[in-house]
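> This is the structure I want to talk about, given as structure tokens.
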Amino acid sequence: ADGAPGSLLATAGAMRAAGLLLAWALLLLLLQGSAGQQCHPSGPTGVLRFTDRHAEIRVPALHRVPSSLDPLYGLVRSCLDLIQQNPLPTGELRAAAAGAGTGSPVAQVVQYELGYVVCAAVALLFTVAVPVAGMCFCYCRSRRRCGGRLRAHRRSLGCRRRCLLACLSFTSLIILIGVTCAFVTNQRVKGQMEPGLGAVPSTLRTLRQHLANVPQGVQMVVDKFEVPRKQISSDLGGLSRSVGLSIHSQLKAVTYAALEELQERAGDLQTSLHHLQILHRTVRALAAARAELEPALRERRRRVVALLDDPRCTSCSSVLGRAQSLELGADYGKVPSVEKVLKALAGLPRSDFAEMIRQGNGTFNSIPELAVERMAQVIQDLRGDLARTAEKVQSIADGFPLPDYTRPVSEALLKAEQRSQPYLREVERFERYRWIAGTVLCSIILLILACNVTGMALGAYGLSKREDPSDYECRAEAGAKFLLLGVGLAFLFSWLLILLVFATFLVGGNIQTLVCRNWVNQEIYKFIDTPGNLPPSMNLTQQLNLRRDSNLSSAYRFTGDHQSFTGGHQSFTGRAGSPSEPLLRPSQYTADFQKRLGDFTANLGDVRLLRSEGRQDLESFARSGLDEVDYERFQEEMKNPVVQSSLPGLARNLEGLQKMQVSGGASGGGAPGGPGAVLSPLCPQRNRTVAGRLAEEARALWHLHNSTVQPQEALVAKLGESVRFLSSLAPHLKERLRKTLATTASVEARLPLQAQQILRQ
């Protein structure tokens, strides 16, 4: 039922209707220019919006409203796809168009329509079998061999009656559902066919009205150039500042990174020079102090060793070994000299890196103001080009050859409208006959259903009121007659119904599989576009004034993809190099504007991050040999103490011995019978003398430590800080300096180029 409108329309219109529909699809290409469009630029700007002045002229689109019968329509389409699995018969259509078949046309049609032939055989069998079965039933009934006799009541008879009643009720329910669907579908086909038939002439008239409005639409398009012109003028007003900010925003990361690296290298130069000077002065001071400490330390060792070796010194032998090891430790005269590095760095830095970095940063941050200043003349030139472009676009209204392209299509549409009227009336008449036949047959089925229901009701009621089941009862007899009437009507009219169903199925199914399905997958367009499939008199490309290198498939894609007026019009040019083509080429109007943008240059000034004297300072720093100094020698020498034996420790040992001498002498003189008893009376005096000398040597060692050794240890600690800094910097010095110089040079070289590129964008 869903394909019935298409089947009747195709039967009436055939190839002419298909040709008209193709013409409508192609004509939509000319209508894109007069419709409201939205221009979506690739940049970050907004959307240009144009007024749609022809919005009230629309080609109505007819769509079937979804309903609860959609599953039924889907089942029908699936059945059609199963019955007709063959593709579009291009060979047979080519032979039919040429008028010369290569074989028996009947055999070819039967082979292609094999699925429908099987359906026809089933329908024919049903058409013959049902009337024959009806006549046999009537003959059997007249011989009273097919019911009509009273039977003796048995229990099996009641079960048989209930079984027959249930089967008949189920069959009636199925018939009721079927006839309901048939009524609804029949009415919906009629409701869809009527507006579809009326839409054909109205669509043709609307398309001709569109064609008549194309010149005004072209002028409207020309007038609408004011929309982008105003937008461009507005953009140009703030372009300079925007471009400057864009350049600054996109390049600030790499520029600030280069300036930060430059500042770090300048700091490394200053700090390294400071630590080198400290290292050089400290090493010289340590060497001089060592030379001064050596004779004093030698003299102290000699005197302490002699004192401890004195026999009068009690328990002094335990400290004698420590005193004998009293020697100088670290010798900083052996460490490498850094005088060569200091000479290489003498006078550095010759440039003020802080001021240099500040100036480079200020120059880079002034790019937005420089852009406004340097682009003033360019903006003025672009405004002039824009004004000249507007004048050039206006010439399209006078030089566009629209009648050469719209006249053939308009005449074809008028002719199609005139010729379609008789066919549409025939289609409407056939549709009315189809609706009447469908309604009558559905009403007969409904009458059969009513007879069945009435017969079952009367029969069941009569049997329930009968006292003796074997007696005759008039209501039950009337129910039986109603059932027989339903059977008779079914035998009389069911074959007509199956014939109507098969005819509709045959016509609608072929329209669905031959036209609709191949229209959707565009096989029809491919068949028409293939040379040799149609005779010269049916060349639609020439009749519709299409380009020789264009075809219906590409034109249909233009319509389906909502292409612009320019793209659609290019299909409607009778020959390559048509006079209208330059008018529709955008480069014709934007060439000067694009060329000026492409050649646009604006000197924003050199952004110098590192001047030549600063570069020379960093290069001298890299060649100074700072990384060639053996800092491990410094670290190894600093591990040695200034004096091998601890002076404070030795002094404390001497102080302890001094106390021992004093306490030991006193006890020795007063212990009778002990070892001290053999000493002379002068023994206590001698011990006090040794104790005094021990105290004197202890004080001398403390003085030597505080006055000479401690200052040297402070110098060693200071030297260690400088050595640690320089040893950590030296291995990576050349690589960091090389990277910083390369990065700075790269940024200075790329900055103008990238700024120019961003400026053009």
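> In segment 693-708, is there at least one residue being within 30 Å of Ala258 (Cα to Cα), modelled with pLDDT of 90 or more and not hydrophobic (A, V, I, L, M, F, W, C)?
Checked segment 693-708: no residue is within 30 Å of Ala258 (Cα to Cα), modelled with pLDDT of 90 or more and not hydrophobic (A, V, I, L, M, F, W, C).
> Based on this model, can you work out whether Val690 counts as at pLDDT 85 or above and within 18 Å of Arg303 (Cβ to Cβ)?
The answer is no for Val690.
Condition check ((1) among the small types (Gly, Ala, Ser); (2) closer than 30 Å to Leu279 by Cβ; (3) open to solvent by less than 30 Å² (accessible area, probe 1.4 Å)) across all residues:
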residue	(1), (2), (3)
Lys334	no, yes, no
Gly347	yes, yes, no
Gln359	no, no, no
Arg383	no, no, no
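Yes or no, residue by residue, for (1) open to solvent by 70 Å² or more (accessible area, probe 1.4 Å); (2) modelled with pLDDT of 80 or more:
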{"residue": "Val59", "(1), (2)": "no, no"}
{"residue": "Val65", "(1), (2)": "yes, no"}
{"residue": "Ser68", "(1), (2)": "yes, no"}
{"residue": "Gly74", "(1), (2)": "no, yes"}
{"residue": "Cys79", "(1), (2)": "no, yes"}
{"residue": "Asn86", "(1), (2)": "no, yes"}
{"residue": "Pro89", "(1), (2)": "no, yes"}
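> Ok, one more. Residue under question is Lys392, and the condition is that it be of a type in the set (D, E, K, R), under 30 Å from Leu164 (Cβ atoms) and either modelled with pLDDT under 85 or surrounded by 13 or more Cβ atoms within 10 Å (Cβ to Cβ) (or both); does it hold?
Taking the combined requirement at face value, the residue does not satisfy it.
> Among (1) at pLDDT 85 or above; (2) among the aliphatic types (A, V, I, L, M); (3) crowded, with 19+ Cβ neighbours inside 10 Å, which single condition is Ile367 missing?
In the conditions (1) at pLDDT 85 or above; (2) among the aliphatic types (A, V, I, L, M); (3) crowded, with 19+ Cβ neighbours inside 10 Å, Ile367 misses (1) alone.
> Taking the options Arg585, Arg615, name whichever one is within 30 Å of Arg736 (Cβ to Cβ), at pLDDT 65 or above and either open to solvent by 40 Å² or more (accessible area, probe 1.4 Å) or in contact with a strand residue (DSSP E or B) (Cβ under 6 Å, 6 or more places away or on another chain) (or both).
Arg615
> Are there any pairs, at least 6 apart or on different chains, whose C-beta atoms fall under 6 Å, with the first in segment 225-251 and farther than 15 Å from Arg760 by Cα and touching a residue at least 60 places away in the same chain (Cβ under 8 Å) and the second open to solvent by 60 Å² or more (accessible area, probe 1.4 Å) and outside any helix (DSSP H, G or I), and if so, which?
Val227/Phe50
> If a residue has to be under 11 Å from Arg688 (Cα atoms), among the small types (Gly, Ala, Ser) and exposed (fewer than 15 other Cβ atoms within 10 Å of the Cβ) to count, how many in segment 632-666 make the cut?
Total satisfying the criteria: 2.
> Now, a different point. Out of Gly178, Gly198, report the one residue that is exposed (fewer than 15 other Cβ atoms within 10 Å of the Cβ) and modelled with pLDDT of 85 or more.
Gly178
> Specify which of the listed residues (Glu426, Glu431, Glu477) is open to solvent by less than 30 Å² (accessible area, probe 1.4 Å) and among the acidic types (Asp, Glu).
Criteria check complete, one pass: Glu431.
> Can I ask one more? Residues to consider are Val130, Val189; find the one that is surrounded by 16 or more Cβ atoms within 10 Å (Cβ to Cβ), part of a helix (DSSP H, G or I), out of contact with any strand residue (DSSP E or B) (no Cβ under 8 Å at 6 or more places or on another chain) and modelled with pLDDT under 85.
Selected residue: Val189, the only one of Val130, Val189 that is surrounded by 16 or more Cβ atoms within 10 Å (Cβ to Cβ), part of a helix (DSSP H, G or I), out of contact with any strand residue (DSSP E or B) (no Cβ under 8 Å at 6 or more places or on another chain) and modelled with pLDDT under 85.
> From the list Cys119, Cys136, which residue is open to solvent by 70 Å² or more (accessible area, probe 1.4 Å) and either under 40 Å from the mean Cα position of the chain (by Cα) or at pLDDT 85 or above (or both)?
Cys136
> Continuing with this model, one more query. Which residues, taken from segment 301-325, are open to solvent by less than 40 Å² (accessible area, probe 1.4 Å) and in a helix (DSSP H, G or I)?
Val304, Val305, Leu307, Leu308, Val319, Leu320, Ala323
> Among the residues of segment 339-360, count how many are closer than 19 Å to Asp627 by Cβ and either of a type in the set (Ser, Thr, Tyr) or in contact (Cβ under 8 Å) with a residue 12 or more places away in the chain (or both).
The number of residues fulfilling the criteria is 8.
> Still on this structure, please answer the following. Determine if segment 209-218 includes at least one residue that is in contact with a Gly (Cβ under 6 Å, 6 or more places away or on another chain), open to solvent by 70 Å² or more (accessible area, probe 1.4 Å) and either farther than 30 Å from Asp385 by Cβ or of a type outside the set (S, T, N, Q) (or both).
The answer is no; no qualifying residue exists.
> Output yes when any residue across segment 336-357 is of a type in the set (Gly, Ala, Ser), closer than 30 Å to Glu713 by Cβ and not in a helix (DSSP H, G or I), and no when none is.
The answer is yes, given that some residue of segment 336-357 is of a type in the set (Gly, Ala, Ser), closer than 30 Å to Glu713 by Cβ and not in a helix (DSSP H, G or I).
> Moving to a separate point now. Would you confirm, using the coordinates I've provided, whether Ser233 is open to solvent by less than 50 Å² (accessible area, probe 1.4 Å), among the small types (Gly, Ala, Ser) and over 30 Å from Arg615 (Cα atoms)?
yes
The values are calculated or read from the model by the stated rules, or taken from the named source; none is laboratory data. Since the structure is predicted, the reported quantities are computational estimates derived from the model, not experimental observations. FYI the Cβ positions are ideal-geometry reconstructions off the backbone, even for glycines, and counts take in every protein chain you see. Note: accessible area is taken over every heavy atom of the protein model, side chains too, but ligands, DNA and RNA are not part of it. Shrake-Rupley method; radii C 1.70, N 1.55, O 1.52, S 1.80 Å.
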